[in-house]
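Asker: Below: one structure in structure tokens.
The values are calculated or read from the model by the stated rules, or taken from the named source; none is laboratory data. All values reported here derive from a predicted model rather than from experimental measurement. All Cβ positions, glycine included, derive from the backbone under ideal geometry; neighbour counts span all protein chains shown.
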Amino acid sequence: MPDDANPNGHPKHAFATRMSHAARPPIRALGFVNPPVYRGSTVTAQSCEARRENAKQRFNRVMTYGTQGGPTHYALEDVVAEIEGGTHCTITGTGLSAVTAPLMAWLKAGDRCLMPDSVYGPARNLAENVLPGWGIETQFYDPCIDAAGLEQLWTPNTKVLYLESPGSHTFEVQDVPALTAVAKRHGAVSMIDNTWGIHSFQPFVHGCDVSIQALTKYVGGHSDILLGSVTVASEAHHLIVRNMASALGHYASPDDCWLALRGVRTMPIRLRHQAESSLRVAEWLAGRPEVMEVRHPALPGAPGHEIWKRDFDGACSLFGIVFQPRYTEADIFRFVDGLKLFGIGASWGGYECLALPTNGMLVRRVTPELPGQAVRLHIGLEEVADIIADLEQSLANLPA
């Protein structure tokens with residue numbers, strides 16, 4: 001969808017402009033440009049009758065208790081729904097809680113979920129080690145499966161199709177429109193972890209019912225908060241998610257929501273800069289003799305590039321490299337340890353470069369292991385020339 005049009009085709013401001021102004025107070029309201037932080041647990045009512053009526057509407061932003069959220073939460077929910085192209089959003093305390101809430105909302109004992117083999121590790125842990133105890137089955141599928149292959153896996157009790165495109169370690173790009181069409185034919189719910197594709201992939205345009213974000217990443221932008229979101233495009237789905245999130249006790253700090261609102265103001269600029277930088281670094285790495293493959297969906301010739309080109313409007317800062325088979329784990333550890341500008345750690349989407357060896361961390365059930373040692377790179381706001389120089393000096397530590 002073009003930056004200057006909404007789903008109905010009417011002109012509107014570009015993304016950066018919308019993020020600068022969304023959920024802010026009116027210009028003349030007290031004069032402050034940022035909304036305040038609303039903290040609280042107890043919410044009082046005007047009367048007993050009003051309290052009872054409010055309780056009936058507690059999932060429609062009628063506040064009865066702090067865990068239902070407040071104005072700070074609602075402002076962030078409106079911004080995220082705008083980014084995702086949905087109608088309603090529920091904020092949760094972590095990215096993982098944004099995964100668990102919709103899964104538990106649509107799955108019950110006897111149901112089955114289809115999940116890509118490239119899925120985020122904590123989501124796999126939930127599927128393999130928690131859901132079976134509740135009588136819920138998960139089958140992992142090749143993320144590069146086509147519609148015909150997915151049809152063959154379908155069973156009458158398959159209720160959820162879970163997607164993550166691209167996968168956050170091995171970067172397979174899924175044919176989301178084709179796969180969600182299968183789910184719709186069977187009356188199942190499609191949900192996607194869209195953290196990599198924030199703003200560049202429109203989940204509801206491509207057939208998804210639920211979009212999950214780890215707001216910890218690009219919306220926060222500074223590696224100092226934990227937040228998640230679940231966005232939908234219908235009132236009915238919103239009430240299902242909201243009820244489950246409340247039942248599970250999912251709640252986010254209003255202070256973290258306020259920090260996320262602050263982060264979203266600069267997110268368009270950070271996203272654009274980091275996407276451009278990451279592609280320049282990926283292009284440079286693709287020419288290095290030590291590297292067998294660069295897994296960056298926006299890089300021509302990379303796995304999944306054609307689907308990315310068809311379905312995405314942009315990229316982000318995260319990609320992977322696979323080294324030539326001659327290198328050992330010890331070699332790759334030496335390379336990562338030798339980097340000066342890259343931290344070694346999980347997460348991504350912040351302002352700083354990160355590097356993380358992925359071999360030994362990945363679990364695969366139906367797809368083969370990577371053909372060589374691999375490292376996931378997150379490109380921050382540092383100058384590209386300095387990033388490349390740092391990578392070059394550390395690649396020199398590898399044996400010839």
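Asker: One residue is enough: does segment 325-344 have a residue meeting the conditions closer than 23 Å to LEU96 by Cα, of a type outside the set (Ser, Thr, Tyr) and within 22 Å of the chain's Cα centre (by Cα)?
Answerer: Yes, there is a match, as at least one residue in segment 325-344 is closer than 23 Å to LEU96 by Cα, of a type outside the set (Ser, Thr, Tyr) and within 22 Å of the chain's Cα centre (by Cα).
Asker: If you go through segment 192-211, how many residues are under 17 Å from VAL173 (Cβ atoms), within 13 Å of the chain's Cα centre (by Cα) and not hydroxyl-bearing (Ser, Thr, Tyr)?
Answerer: Total satisfying the criteria: 10.
Asker: Looking at (1) under 20 Å from ARG376 (Cα atoms); (2) in contact with a Leu (Cβ under 9 Å, 6 or more places away or on another chain); (3) surrounded by fewer than 20 Cβ atoms within 10 Å (Cβ to Cβ), which is the one condition that is false for ALA275?
Answerer: Here ALA275 meets the rest and fails (2).
Asker: How many residues does segment 31-40 hold that are at pLDDT 90 or above and either loosely packed, with under 13 Cβ neighbours inside 10 Å or over 17 Å from GLY66 (Cβ atoms) (or both)?
Answerer: Of the residues in that region, 1 qualify.
Asker: Counting only residues that are crowded, with 20+ Cβ neighbours inside 10 Å and of a type in the set (D, E, K, R), give me the strands (runs of 3 or more DSSP E) lying completely in segment 306-400 with at least 1 of them.
Answerer: Ranges flagged: 374-378.
Matching residues to (1) touching a His at 6+ places or on another chain (Cβ under 8 Å); (2) buried (at least 22 other Cβ atoms within 10 Å of the Cβ); (3) without any contact (Cβ under 8 Å) to a residue 60 or more places away in the chain; (4) under 23 Å from ILE387 (Cα atoms):
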site: GLN202; (1), (2), (3), (4): no, no, no, no
site: GLN213; (1), (2), (3), (4): no, yes, no, no
site: LYS217; (1), (2), (3), (4): no, yes, no, yes
site: VAL232; (1), (2), (3), (4): yes, yes, no, no
site: LEU239; (1), (2), (3), (4): no, no, no, no
site: SER246; (1), (2), (3), (4): no, no, no, no
site: GLY249; (1), (2), (3), (4): no, no, no, no
site: GLY263; (1), (2), (3), (4): yes, yes, yes, no
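Asker: If you don't mind, there's one more thing I want to ask. Taking segment 168-200 as the search range and keeping residues that are among the charged types (D, E, K, R) and surrounded by fewer than 24 Cβ atoms within 10 Å (Cβ to Cβ), which one is farthest from LYS108 (Cα to Cα)?
Answerer: Among those residues, the one meeting the criterion is GLU172.
Asker: Let me ask another. Report the residue count in segment 93-135 for those that are of a type in the set (Ser, Thr, Tyr) and under 13 Å from the mean Cα position of the chain (by Cα).
Answerer: Here the count works out to 3.
Asker: Hey, another quick one. Pull out all pairs, ordered by first then second residue, where Cβ-Cβ is under 6 Å, the residues are six or more apart or on different chains, the first lies in segment 340-367 and is within 16 Å of THR170 (Cβ to Cβ) and basic (Lys, Arg), and the second is in a loop (DSSP other than H, G, I, E, B) and at pLDDT 95 or above.
Answerer: These pairs meet every condition: ARG364/ASP117; ARG365/ASP117.
Asker: For segment 41-53, which positions are assigned to a loop (DSSP other than H, G, I, E, B), touching a residue at least 12 places away in the same chain (Cβ under 8 Å) and either surrounded by fewer than 14 Cβ atoms within 10 Å (Cβ to Cβ) or touching a Cys at 6+ places or on another chain (Cβ under 6 Å) (or both)?
Answerer: The answer is SER41, and nothing else.
Asker: Just checking, which of LEU163, LEU227 is under 15 Å from the mean Cα position of the chain (by Cα), closer than 21 Å to ARG112 by Cβ and buried (at least 22 other Cβ atoms within 10 Å of the Cβ)?
Answerer: The conditions single out LEU163.
Asker: Scan segment 156-193 for residues that are hydrophobic (A, V, I, L, M, F, W, C) and part of a loop (DSSP other than H, G, I, E, B) and jot them down.
Answerer: Scanning segment 156-193 gives PHE171, VAL173, ALA188.
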